[in-house]
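**Q** Structure in structure tokens, see below.
Read-outs throughout are calculated quantities, based only on the coordinates presented, and are distinct from any laboratory measurement. On a predicted model such as this, the values are computed, not experimentally measured, just so you know. Every residue, glycine as well, gets a Cβ built from its backbone with ideal geometry; the counts of neighbours run over all protein chains shown.
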Amino acid sequence: MSKSENFERMLKVIRSHTNGKLDNQRQPALLLCSVEEYITQKKLELSPIVYMSALTALILQSDKVDYSAVYLLSVVLPVVPEKERLAHVEVLESHLVPCLEEQGTEAPTIRCILLCIQEFLFAIMAQDISSHSASLELSLTVLLKYSIDSRPKIRKCAIQALQGVSKKNETSSSFLTSRIIALCSQVFRELNESPSSDKANVSTSIHCMQLLDEFVDFQHVSGTDLGTTTGSLVSILQSDIASSEFVVQKATSLLANLLSKRIDAIPDAFVADQTDKMLQSWERAPLIAILFSTTFASRSQSKGMKRLTHLFDLLLESSLADTDSNESKYAFLFEEDNGGLTEKCLTSALSNKSIALHVITHVTGKISKLIGSARSLRLKRTSIINTCCAFLTLLVKAARKEHMDMLFNTFQDLARAINQWKTPKSKEVKQLFMVSFEKFGVETTITSLAPINELSKFQRYSWLKDILLDSENNDFLEFCNVFIPVIDSGAPEWWSVLPAFCSSVNDPSALSEEVLKKMASTVYQQEKYREPIVKSFISLSKVSSVQSILSKNAANIIGVLGNVLASMPPAHTLAQCVIDAIVSIFAVSADKQSEVITTFIDSAPLSDANLGNKAIVNAFPSLLNIAPSDTWKPFLPHLVKLFNQKPPKDSQSEASSLNFGAGFAYRLLNACLSNPNMVETVSPFVGNLVESLVDVGASVQSNSKYTLLERFKTWKLLLGLIPKDDLHLMVPLISEATLASKDHMADVRAKAYELLVEMGNIMKEGGKIDRSRIQGADSNDETVQASLKEYFTMVSAGLFESTPTLTTCTILSLTRLYYEFRDEIDQSIIDSLMELMELNLSSSNQEVARTAVGFVKMIITVSPKETIERFMDSLMPSIFRWLKEHNAFVKIKAKQLLDRMLRIFTFNELSRYTQDAADKKWLERILQVRNSRAERKIEVNEEGIESENDEMDLDVDINDNNKSFNKADNKGRNNRQKVPNKKGFGNKRENRVNAAPSNKKQRKRV
């Protein structure tokens, strides 16, 4: 809806409250009526500019700003041109802003004034900033003041105005940024000096930080403003207000964002000062303390090292004060929200060798002391372990390679303590081992924790399983060295970590035939560990270095997996995973594919009725999809047998239809036709294959839904293989798809329409149709060129059949085809189709007639008016005849058709085709109902608008051009036509609706 339309809507709503009960609704309505009466007396146009002039004059004349006047002004200003607004900007300084400074100004009045300020501000920025700099500064000051107000609606109005300012241009955005930083620094300074930390101060600080987060881009802030903001936020963390957890989180988030983008722009002296301040309050924001300390260490080696080591001492010693707890307190060190900022800063600091040696030596020594002290502090052990793990992880990730030996020694001490004390495996512990697997290797890490043979106690070390599965790039050789011996010693549970080691095989010899035999044997014998090993086969097949050994053993592996599948029902949860493994191994078996697929088919005969109840049946389509071309020979005999067999009578489910008999045969055939290798073999015999399918589908309507869907998929694949000179092969398919267009199952109908459209696209591209080769045709029939016209002629042949069912199906098919190709068919096709439909409109069979009405309805919907006018003389009598029938469904169809025509033609144009008074009465009745329906929509919409504005909520933005408040109003006005000499017709239903009882008691009395 445009601004002007929205403005008219708002005025209409306001006027409707003239007799309202609420003063804040009635007073603006009365004032609006008075202003409009005055404007009318002066013989002026009721335009937004005139409204604005009258309202501003009224405000300037009064001593006190009235709510009604300023509310109406806030409604008018958005639709007044920006240049015209500037003519009345003096009201801003003289009355509106002073009103805000007065005590007792009510919240609705403040919101209206803020909206007015917003519109004047937009006009200033769009027209002339230099000439109205004082008004601009005054407006921004007011908006910033109320953007941190404690009242939510007022704050919302101010922030929306600031958002509009920031989007206008870069100059306004930079100007606003500097003012926000100045405001926030002033507020933070005052709050820091305030002795109290009440809720009001906390709320104000939060609102200020939200302003910084919303409007300030630290990437483009000057160095001075950057320092001011940083100092202000650090002072908040030091103040009593920081006792609020949310304030700390918000301040920490802003500082982390600022430092991640512009820490290099902060002077060294300022960094040193802020480092000292954060060391005093490190407990509140340890992340910020670490960022400042690591940055200062990078810039000032001697002083920075002392502060950094001192901070690590404080952080590590804090574990002695904590109680025994499993809660993670150091997640901030590894959070991805700050982009690994802590690690980056520490890595930068440790890039200096002397700093790295000093800090790592000091911290590792401190960790060793804490581990030693934990021996006598049993209640503190968990806290100490978690703290040490967190900061050792940080050092391992940030340190250089030459310092890894020192860190590994500390890791060994810590790992032994974790194992000895059996401490809970917290996030910090798991994170340390995750990093250790990456930096030190799996075998080294695990031997640091315990001897390899100790892993046979799986329950004790089962916590390593999830860490290993989450880790990446583990070498397969490490699994063979660490876990295979443990598995052989009686701990098969470690097969569960095998998938973590199969994406990388640096030494191909690690995957020996012996290992493959163990994997295959476990899959076959131990159901519990099938899933991880099967997933490992899939991963290993993607590693090029081991594909040769997999190819060598493909027959044995696939044979084992096939036997596993043969023992599973089709719905087994692991069945699809096993199939994927078989296919992946088969894909890398290279020149042995023919041997493997032949053996597989022979060992699991496709024509065996019992095969349909086993999961192995689902492997065949996937294998045939990538099988070599010579697979066709062993496969074809089984395919023929499947077409001749039927599922057991006691099993008619989806699985039975798809896993045996014709349904399964179509699935296999689809897989073959989707395989480029096998298509080359099939293409020369596509004619024979089409004829065979036609013979098989002689009783297609009696097949199950699932068999029909698979058959149609097969037809679609075959359509792409039919040579352009043999398009006569499509004729039987046209009949089959046409009959299926009326199937009771929606999926089947959709596939039938899809096939009809596909055949139309093929005919559109050209080709030859040898009519003499069509079954039942004369041998002397000529060959014609394929085209859309010929295709519509072939489909229309069904209209001349004697059965109403085939006639109905043909009309449905033609309806869809006409819609699909409406922009590509010529007038001669339209003429012939409409001639046929006019005959069917007069049919004595109601189903045929109803379908013909649907075709005509579609024609009217998608065709231009000129096309429809050609058939009106013969079409309209048939429609009026159906309106007089006793069958209700037929009447509804005809009414809908006339209603659709009234969208295109006027009442007078359609009335020319009426033959008697009854026809004209029907036309008037339908038009009247149509108009009444449009009027009801308008009334309902207006009632909804009134209910939304009962409390004059000014949150509605009348500048929003994307919201359509009254689409029905516009649509109804455009479509309504006057009915001659018919007053009150069609009101009966409307009155009945309006008079409906509102509750159960009233209904009972009625």
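**Q** Computed on alpha carbon atoms, what radius of gyration and Dmax characterise the range 1-168, expressed in Å?
**A** Here Rg and the maximum Cα pair distance are 15.6, 47 Å.
**Q** Turning to a different aspect of this structure: Among M404, M730, M209, what is the fewest-to-most ranking by other Cβ atoms within 10 Å?
**A** Going from least to most buried by this count: M404, M209, M730.
**Q** Right, something else. Just want the ordering: C99, C184, from fewest to most Cβ atoms lying within 10 Å of their own Cβ.
**A** C99, C184
**Q** Using Cα-Cα distances under 8 Å and only pairs 6 or more residues apart, what relative contact order does the range 1-168 have, in percent?
**A** Relative contact order, the range 1-168: 17 percent.
**Q** So, one more: If you take all C-alpha pairs in the range 440-561, what percent of them are over 26 Å apart?
**A** Value for the range 440-561: 15 percent of Cα pairs lie more than 26 Å apart.
**Q** Continuing with this model, one more query. By average Cβ neighbour count within 10 Å, what is the ranking of 219-227, 137-145 from highest down?
**A** Result, highest mean first: 137-145, 219-227.
**Q** Hey, another quick one. For every other residue with a beta carbon closer than 12 angstrom to the beta carbon of L311, add +1 if it is Lys or Arg and -1 if Asp or Glu, then tell me the sum.
**A** Cβ neighbours under 12 Å give a net charge of -1.
**Q** Shifting gears a bit: For D823, D743, what ranking results if the residue with the fewest other Cβ atoms within 10 Å of its Cβ goes first?
**A** Final ranking by Cβ density, sparse to dense: D823, D743.
**Q** Using θ = phi - 60° and the Karplus form 6.51 cos²θ - 1.76 cosθ + 1.60, what ³J(HN,Hα) does each residue of the range 837-844 get, whole Hz, x for Gly and Pro?
**A** With coefficients 6.51, -1.76 and 1.60, one gets 5, 4, 5, 6, 5, 8, 5, 6 Hz.
**Q** Next question, about the same structure. Which entries of K401/K465; K614/K716; K724/K764; K3/K168; K517/K542 have Cα-Cα distances beyond 23 Å here?
**A** Those over the limit are K401/K465; K614/K716.
**Q** Add -39500 (n - 2.57) for each DSSP H run of 4 or more in the chain, then divide by its residues: what number comes out at 222 nm, to the nearest 500 deg cm²/dmol?
**A** Dividing the helical sum by the residues of the chain leaves -21000 deg cm²/dmol.
**Q** Give the span of the range 721-880's Cα atoms along each principal axis, as three whole-Å numbers ordered largest to smallest.
**A** 47, 34, 31
**Q** In addition: When the C-alpha atoms of the range 180-266 are aligned to their principal axes, what extent does each axis show, in angstrom, from largest down?
**A** That works out to 35, 21, 21 Å along the principal axes.
**Q** Something else about it: May I ask you to list the GluC sites (Glu not before Pro) in the range 80-129 that are in a DSSP loop and have at most 14 other Cβ atoms within 10 Å of their Cβ?
**A** E102, E106
**Q** Around V564, under 12 Å between beta carbons, what's the net of Lys plus Arg minus Asp minus Glu among the other residues?
**A** 0
**Q** Give the shape of the range 445-501 as rounded, prolate or oblate, defined through the alpha-carbon gyration tensor: a ≥ b ≥ c are the square roots of its eigenvalues, a/c under 1.5 means rounded, and otherwise the shape is prolate if a/b is larger than b/c and oblate if not.
**A** Taking the square roots of the gyration eigenvalues as a ≥ b ≥ c, the range 445-501 is rounded.
**Q** Taking Cα pairs under 8 Å and at least six residues apart, what relative contact order does the chain come out at, in percent?
**A** Reported as a whole number, the value is 5 percent.
**Q** Rounded to the nearest whole Å³, what is the per residue volume of the convex hull around the Cα atoms of the range 716-796?
**A** So the per-residue Cα hull volume is 85 Å³.
**Q** Another question, then. Please compute P(r) over all alpha-carbon pairs of the range 343-458, binned at 10 Å starting from zero, and give each bin as a whole-number percent.
**A** Binned Cα distances yield the sequence 13, 47, 32, 8, 1.
**Q** Also, quick follow-up: So if the hydrodynamic radius of the chain is defined as the Kirkwood radius over C-alpha pairs, what does Stokes-Einstein give as its diffusion coefficient at 37 °C and 0.692 mPa s, in µm² per second?
**A** Once the numbers are plugged in, D ends up at 86 µm²/s.
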